[in-house]
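Chemist: Let me begin by handing over the structure; questions about it come next.
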Amino acid sequence: MTTNAPSGNRRAVKAVIPAAGLATRFLPATKAVPKELLPVVDRPVLQYIVEEAAAAGITDVLLVTGRGKTSMVDHFDRRPDVEARLAEKGDTERLAEVRRTSELADIYTCRQGEPLGLGHAVGTAASHVGDNAFAVLLGDEFVDLEEPLLPAMLDLQARTGGIVLAFVEVNPEETSRYGIASIKETGTTDVVEVTGLVEKPTPEEAPSNLAVLGRYVLPASIFEAIDNTKPGSGGEIQLTDAMAQLLADGTPVHGIVYRGHRYDTGMPLGYLQAVVQLAVKRPDLGAEFSEWLKDFVGSLKG
Ligand code: UTP
C-alpha cells in the first residue's frame, strides 16, 4: 500500500522506534520490564505503535533497544507452543490474536549501547535506513487507529522532502511540560510551517500552544546533522538540536496539528488514562467495564 505523493517523491517505507531509554518516570515498574511492554488492556504499548505503522503502510520497523530491553522483540516472534495449545483448545480467536502479532511487520533491531539521548538513538538507525526518508515513532505514545496521523505526515514529507512533525494543542499553562513550536500559518487547515522549537517554555515564553507529539518523518540528511550535534540539555544528544541545524540550513519543516486522541503512556497518569479509555472502547469488555466504572466513580463523590 505504498503510495506516491503528487510530486512523485517516494513515501517513506521504514519506521524507527527508539525504545532504549531508561524510563525513569515509570520506576520501579521499569527496573526489569521495558515501559514499551506495559500492557494497555491486554496488549503491550509497543504493539499499538507497530499497528499504527502497519496501518500507514509501513511494515519495515526497526526497534532501537538497549540493555534489559530485548524482550520487546520476542513479542513479535512466533510462539508455536502457545499456538499449538490454543489450537488444541479450539480457541481460534486468541490463536488469531497471537499469530497476528508476528504478522504485523518485519521487525529489525539495533542497539543503543548507552541511552545518550533521542537524537543518538535515531542515529543508530543510519545504516538500516539508508538514503531515504523514514518515520520515527516514539515507543511510549500512540494515536487512535480510527483517527490516523501517520499517512498525512508521510504524504506531506513526500511533497516537501523536508521534516514533518506532529503537534497537539495543549492548555497554555501546560507548555512547560513539552517541546513547543513557533510557526507560520500556511493557509491550509491543520498544516503549519515550523520556524523553531523551544523545549519546555513557561507559558509567558511559549511561542504557541502546539506541543510536539512523538511522531516525526525525517529526511536521511538528519543522520549527518545528528553526527554534528553536541550533547545538549541533560547531557543528551537531542533530536531537536539536529532538526534545528537542518532548519537553519533551509530544510523545510512542517507540522500537522493532530485533532484526534493521543495516548501518552510514558508516565503513570497518562498510562492509567490510556488503559481506562481503551478498555471502555473494547467491544468485548467495554460495556461491562463502563458499568463498573460508573458505579466506582459514583462511589467517589460521597
Ligand atoms: P523519553 O524522553 O520518554 O525518555 O524518551 P525515557 O528514558 O524513555 O523515559 P524517562 O524520561 O526517563 O521517564 C522518548 C523515547 O525515546 C527513547 C525512549 O525509549 C522513548 O521511547 N529513547 C530516549 C531512546 O531510545 N534512547 C535514549 O537515549 C533516550
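Chemist: Nearest 10 degrees is fine. How inclined is helix 80-89 to the longest principal axis of the chain, computing both from alpha carbons?
Modeler: Value to nearest ten degrees: 40.
Chemist: Follow-up question, since we're still on this one. Could you work out the helix-only [θ] at 222 nm for the chain, with each DSSP H run of four or more residues adding -39,500 (n - 2.57) and the total divided by the number of residues, to the nearest 500 deg cm²/dmol?
Modeler: Computed ellipticity for the chain at 222 nm equals -10000 deg cm²/dmol.
Chemist: Still on this structure: Where the eigenvalues come from the Cα gyration tensor of the range 219-268, what are the semi-axes √(5λ) of the equivalent ellipsoid, largest first, in whole Å?
Modeler: After diagonalising the Cα gyration tensor, the semi-axes are 24, 18, 8 Å.
Chemist: With 10 angstrom as the radius, rank 154, 116 by how many other C-beta atoms surround their C-beta, starting from the fewest.
Modeler: Fewest to most other Cβ atoms nearby, the residues stand as 116, 154.
Chemist: Can you list the lysines whose alpha carbon sits under 21 Å from that of residue 281, skipping same-chain ones fewer than 8 residues off?
Modeler: In chain and number order, the partners are 294.
Chemist: Still on this structure, please answer the following. Taking a cut-off of 18 Å between Cα atoms, list the lysines near residue 69, but don't count ones fewer than 8 places away on the same chain.
Modeler: The reachable lysines, counting only those whose Cα sits under 18 Å from residue 69, are 31, 35.
Chemist: Using the Karplus curve 6.51 cos²θ - 1.76 cosθ + 1.60 with θ = phi - 60°, work out ³J(HN,Hα) for each residue of the range 42-59 in order, rounded to whole Hz, and write x for Gly and Pro.
Modeler: 10, 9, x, 3, 4, 5, 4, 6, 5, 4, 5, 5, 4, 5, 8, x, 9, 10
Chemist: Separate question: Mean 1/r over all different Cα pairs, inverted: what Kirkwood radius does the range 116-259 give, in Å?
Modeler: 15.4
Chemist: Residue 14's amide H: which non-local residues (gap 5+, or another chain) put their own amide H closer than 5 Å, with H modeled 1.01 Å from N in plane and none for Pro or chain starts?
Modeler: 135
Chemist: Sort 289, 134 so that the residue with the fewest other Cβ atoms within 10 Å of its own Cβ comes first and the one with the most comes last.
Modeler: So the ranking, lowest neighbour count to highest, is 289, 134.
Chemist: With both bridge residues required to lie in the chain, what share of the DSSP beta bridges run antiparallel, to the nearest 5%? If you can, show how the numbers build up before the last one.
Modeler: Values: 26 of 44 bridges.
Expressed as a percentage, antiparallel bridges in the chain total about 60.
Chemist: On alpha carbon coordinates alone, what is the Rg over Rh value for the range 179-302, Rh being the Kirkwood radius?
Modeler: 1.11
Chemist: Run the dipole for the range 13-151 about the Cα centre, Lys and Arg Cβ at +1, Asp and Glu Cβ at -1, nothing else charged, and hand back the magnitude in debye, nearest 20.
Modeler: On the way: 15 positive and 22 negative charges, 128 e Å.
Taking the Cα centre of the range 13-151 as origin, the dipole is about 620 debye.
Chemist: Throw me the Rg/Rh for the chain, computed over C-alpha atoms with Kirkwood Rh, two decimals.
Modeler: 0.98
Chemist: Ranked by Cβ crowding within 10 angstrom, fewest neighbours first, how are 141, 83 ordered?
Modeler: 83, 141
Chemist: If one takes the longest principal axis of the Cα atoms in the chain, at what angle in degrees, from 0 to 90 and to the nearest 10, does the Cα axis of helix 268-281 lie?
Modeler: It works out to around 60 degrees.
Chemist: Calculate, for residue 110 and residue 230, the FRET efficiency according to 1/(1 + (r/R0)^6) with r their C-beta to C-beta distance and R0 22 Å; round to the nearest 0.05.
Modeler: The calculated FRET efficiency here is 0.45.
Chemist: Let me ask something else about it. With label points built 7 Å along Cα→Cβ from the Cα atoms of residue 189 and residue 273, find their separation and express it in nm.
Modeler: 2.5
Chemist: Relative to a virtual label point 7 Å from the Cα of residue 27 in the Cα→beta-carbon direction, which members of the range 216-252 show backbone nitrogen distances below 19 Å?
Modeler: 234-236
Chemist: Moving on to the next point. How much net charge surrounds residue 149 when only the other residues with a Cβ under 10 Å from the Cβ of residue 149 are counted, with Lys and Arg +1 and Asp and Glu -1?
Modeler: Details: positive: 215, 259, 262; negative: 52, 144, 147.
Local net charge: 0.
Chemist: Expressed as a whole percent, how much of the Cα-Cα distance distribution for the range 254-302 exceeds 15 Å?
Modeler: 60
Chemist: Cross-link candidates for residue 200: which aspartates and glutamates have Cα within less than 13 Å, leaving aside residues fewer than 8 places away along the same chain?
Modeler: 173, 174
Chemist: What nm value, rounded to one decimal, do you get for the distance between residue 176 and residue 205 when each label is placed 7 Å out toward the C-beta?
Modeler: Calculated label separation equals 1.0 nm.
Chemist: At a temperature of 4 °C and a viscosity of 1.567 mPa s, determine how fast the range 62-115 diffuses translationally according to Stokes-Einstein, using the Kirkwood radius over alpha-carbon pairs as Rh; express D in µm²/s, rounded to the nearest whole number.
Modeler: Taking Rh from Cα pairs, D becomes 103 µm²/s.
Chemist: In addition: Lys and Arg at +1, Asp and Glu at -1: add these up for the other residues within a Cβ distance under 14 Å of residue 158 and post the number.
Modeler: Working: positive: 10, 11, 14, 159; negative: 155.
Spelling it out: positives minus negatives among the neighbours equals +3.
Chemist: Run the dipole for the chain about the Cα centre, Lys and Arg Cβ at +1, Asp and Glu Cβ at -1, nothing else charged, and hand back the magnitude in debye, nearest 20.
Modeler: Dipole of the chain, to the nearest 20 debye: 420 debye.
Chemist: Given the C-alpha atoms of the range 28-155, compute the convex hull and give its volume per residue in Å³. Don't jump to the answer; show the numbers that get you there.
Modeler: Details: hull volume 16.6 nm³, N = 128.
Dividing the Cα hull volume of the range 28-155 by its residue count gives 130 Å³.
Read-outs: derived from the displayed coordinates by stated rules, not from any lab. Nothing here was measured: the structure is a model prediction, and the numbers come from that model. Heads up, the Cβs are rebuilt from the backbone with ideal geometry, glycines too, and the neighbour counts pull from every protein chain shown.
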